[in-house]
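*Asks:* The structure follows.
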Amino acid sequence: MDQNYVRIFDTTLRDGEQSPGASLTSPEKLEIARQLARLGVDIIEAGFPAASPDDLEAVRRIAEQVGNGPAGARVPIIAGLARANKNDIDKCWEAIQGAARPRIHTFLATSDIHLQYKLKMTRDQVLERVREMVTYARSFCADIEFSPEDAGRSDPEFLIQVLGVAIASGATTLNIPDTVGYTTPDEFGKLIATLIQKTPGSERAIFSAHCHDDLGMATANTLAAVRAGARQAEVTINGIGERAGNTSLEEVVMALYTRPAVFGLRTGIDTTQLARTSKMVSNYTSIPVQPNKAIVGANAFAHEAGIHQDGMLKNQLTYEIMRPETVGVSASQLVLGKHSGRHAFKTHLDALGFALNEHDLDQAFARFKELADKKKYVTDADLEALIADEFYQPLEVFRLEDIQVVCGRHGMPTATVCLLGPDSAEHFHAAIGTGPVDATYKAIDAIVNAPCTLLEFSIHAVTEGIDALGEVTVRLQSNEPEPRTFGGHGADTDIIVASAKAYLAALNKLVVADKQTPRVHAQFSVAAS
């Protein structure tokens, strides 16, 4: 094994999906997995197959369609997560066995607080369970990863015992999780070095780091682990994940890329795909990327202060430690317009990583022409928003057919909405609100009748200019039968239309997730003409 190579283990589709409201559909997971393969990640943790039949099916599709390729092609390892019990491991193997390079990732907590309050097991029982379940997992495939959950708060001497048993039982990767984001870089780096030095058989395994960001140190802890000898980093796109999130893939990769003299290490990541992957994950999960987010934030390569602008005009190195093109942010994006043809459009989509069939390409091209008629130039960001809005929305139980809004400073904002319902009939309703968006949402609520509370509404322009495509992200919470969070995304040159699309996308997720028949008020129904 190349000791200067760090494997990138992406868990966006598993740990990242555990972000509140970030639930992904199977088609969305598959598209993200394809993009992760283009990005060049070494291992894709595709999900937790035992969690639900839908998750198992999503992992299976990823294993078969992304985890395979022509002879000689570089394909990622496809991993599934399993608790240390036979049922989970059986379901994990069922899901990943179609991959060319399958991996079972099993885990068991090792901290005293988890043993006492969650597992109610003794240390000896934990050692025996690890021995039994790693051996069982190894009976299915040769690539086994074991994680001692909450390692950051575990007794190092007990960790050494547990990891020694895991290696002896067939584990090939040992992942050390800072599950609750508790450690500091000095502590975590020292822990990794100690485990590598003292664990029996450590030379036969790859050590990995999986850090959470509860104290804002996930990236620093991961880099400390890498410097201490870990050769796998477990990360997510945009740092999404439980609570405060996981280590950000783009931050770790670009730290290693930008500071070779400090780390002397490399990855297999195509950094020019970072911005595109970030955008895709943000759209599908409906979790916006904060503007000042490192590497992929909207302001990451923006300079407003006069002294900074002066320095940039003289030499970019004065205030930029990396070029925007390196991470896929192009300085010149204005390449398509209303005179562009179908072939040029398809070629450009291919370059952006969107492989559409002929039918979908026709739909996308029609949308592109509509957009190009409204604005002079269409940018990469416009196209990505358009494709996400057209093809990667959830199942449409209700679809926006038309909307008309009347508002003004002294008037009563009124919205009239027409939705195509699950009965294939058009449903109309008009409502008054505090503003045009409020009125629109009240009209939609009256038709869909799925009780919920709007938690978050955000809107921004995809590109510069008065003709920019508006992008809206919403998050809402269902009121019954139990509170659950759903996100939605919409894009349009009309921000009210974009707002309606985003709200409907979230409502459709709510309706589908609850497996309920939408309660459409009969008095608002009109037969489609």
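The values are calculated or read from the model by the stated rules, or taken from the named source; none is laboratory data. Not measured: the values here are computed from a predicted model. For neighbour counting, all protein chains shown are included, and Cβ atoms are generated from backbone atoms with ideal geometry for every residue, glycine included.
*Asks:* Does Gln116 qualify as being exposed (fewer than 15 other Cβ atoms within 10 Å of the Cβ), in contact with a helix residue (DSSP H, G or I) (Cβ under 9 Å, 6 or more places away or on another chain) and in a helix (DSSP H, G or I)?
*Replies:* no
*Asks:* Which residues, taken from region 24-41, are surrounded by 20 or more Cβ atoms within 10 Å (Cβ to Cβ) and either part of a loop (DSSP other than H, G, I, E, B) or touching a Cys at 6+ places or on another chain (Cβ under 6 Å) (or both)?
*Replies:* Leu24, Val41
*Asks:* Let me ask you something else. Out of everything in region 400-423 that is among the β-branched types (Val, Ile, Thr) and in contact (Cβ under 8 Å) with a residue 40 or more places away in the chain, what residue ends up being nearest to Gly435 (Cα to Cα)? Before you say what the answer is, go through the steps one by one.
*Replies:* Taking region 400-423 and keeping what is among the β-branched types (Val, Ile, Thr), we get 403, 405-406, 414, 416-417.
With the extra rule that they be in contact (Cβ under 8 Å) with a residue 40 or more places away in the chain, the set shrinks to 403, 405, 417.
Details: Ile403: 15, Val405: 10, Val417: 15 Å.
Checking each candidate, the answer is Val405.
*Asks:* Another question, if that's okay. Going through region 7-31 one residue at a time, which ones are within 25 Å of Arg74 (Cα to Cα) and out of contact with any Gly (no Cβ under 9 Å at 6 or more places or on another chain)? Break it down stepwise before answering.
*Replies:* We begin by selecting, within region 7-31, every residue within 25 Å of Arg74 (Cα to Cα); these are 7-16, 26-31.
Listed by number, the residues that qualify are Phe9, Ser26, Pro27, Glu28, Leu30, Glu31.
*Asks:* Can you run down the residue pairs with Cβ atoms below 6 Å, 6 or more apart or on separate chains, where the first is in region 195-209 and part of a helix (DSSP H, G or I) and the partner is of a type outside the set (Val, Ile, Thr)?
*Replies:* If the second residue must be of a type outside the set (Val, Ile, Thr), the pairs left are Ile196/Ser202; Ile196/Phe207; Ile196/Gly229.
*Asks:* Only one of Glu45, Glu128 is assigned to a strand (DSSP E or B), closer than 20 Å to Ile176 by Cα and among the acidic types (Asp, Glu). Can you tell me which?
*Replies:* Details: Glu128 fails: assigned to a strand (DSSP E or B).
Glu45 is the lone residue from the list that is assigned to a strand (DSSP E or B), closer than 20 Å to Ile176 by Cα and among the acidic types (Asp, Glu).
*Asks:* Tell me, which helices (runs of 4 or more DSSP H) wholly within region 247-311 include 3 or more residues that are farther than 25 Å from Asp382 by Cα and modelled with pLDDT of 90 or more?
*Replies:* Working: elements: 249-258, 260-263, 274-285.
By residue number, 249-258, 260-263.
*Asks:* With the checklist (1) surrounded by fewer than 21 Cβ atoms within 10 Å (Cβ to Cβ); (2) over 18 Å from Glu145 (Cα atoms) in hand, flag the one item Gly229 doesn't pass.
*Replies:* It is condition (2) that Gly229 fails.
*Asks:* Right, next: Only one of Thr184, Thr222 is of a type in the set (Ser, Thr, Tyr) and over 25 Å from the mean Cα position of the chain (by Cα). Can you tell me which?
*Replies:* Working: Thr222 fails: over 25 Å from the mean Cα position of the chain (by Cα).
Among Thr184, Thr222, only Thr184 is of a type in the set (Ser, Thr, Tyr) and over 25 Å from the mean Cα position of the chain (by Cα).
*Asks:* If the requirement is being closer than 23 Å to Thr179 by Cβ and of a type in the set (Lys, Arg), which of these qualifies: Arg60, Arg103, Arg38?
*Replies:* Details: Arg60 fails: closer than 23 Å to Thr179 by Cβ; Arg38 fails: closer than 23 Å to Thr179 by Cβ.
Answer to the check: Arg103.
*Asks:* Let me ask something else. Would you confirm, using the coordinates I've provided, whether Arg101 is surrounded by fewer than 18 Cβ atoms within 10 Å (Cβ to Cβ), among the basic types (Lys, Arg) and out of contact with any Pro (no Cβ under 6 Å at 6 or more places or on another chain)? Working first, answer last.
*Replies:* Numbers: surrounded by fewer than 18 Cβ atoms within 10 Å (Cβ to Cβ): no; among the basic types (Lys, Arg): yes; out of contact with any Pro (no Cβ under 6 Å at 6 or more places or on another chain): yes.
Criteria not met by Arg101.
*Asks:* Tally up the residues in region 420-443 that are under 28 Å from the mean Cα position of the chain (by Cα) and either of a type outside the set (Ser, Thr, Tyr) or modelled with pLDDT under 90 (or both), please. Reasoning before the result, please.
*Replies:* Of region 420-443, the ones under 28 Å from the mean Cα position of the chain (by Cα) are 437, 441.
Those still in the list that are either of a type outside the set (Ser, Thr, Tyr) or modelled with pLDDT under 90 (or both) too: 437.
The total comes to 1.
*Asks:* When the residues of region 50-67 are filtered to those that are in contact with a strand residue (DSSP E or B) (Cβ under 9 Å, 6 or more places away or on another chain) and part of a loop (DSSP other than H, G, I, E, B), which remaining residue is surrounded by the fewest Cβ atoms within 10 Å (Cβ to Cβ)?
*Replies:* The extreme case among them is Val66.
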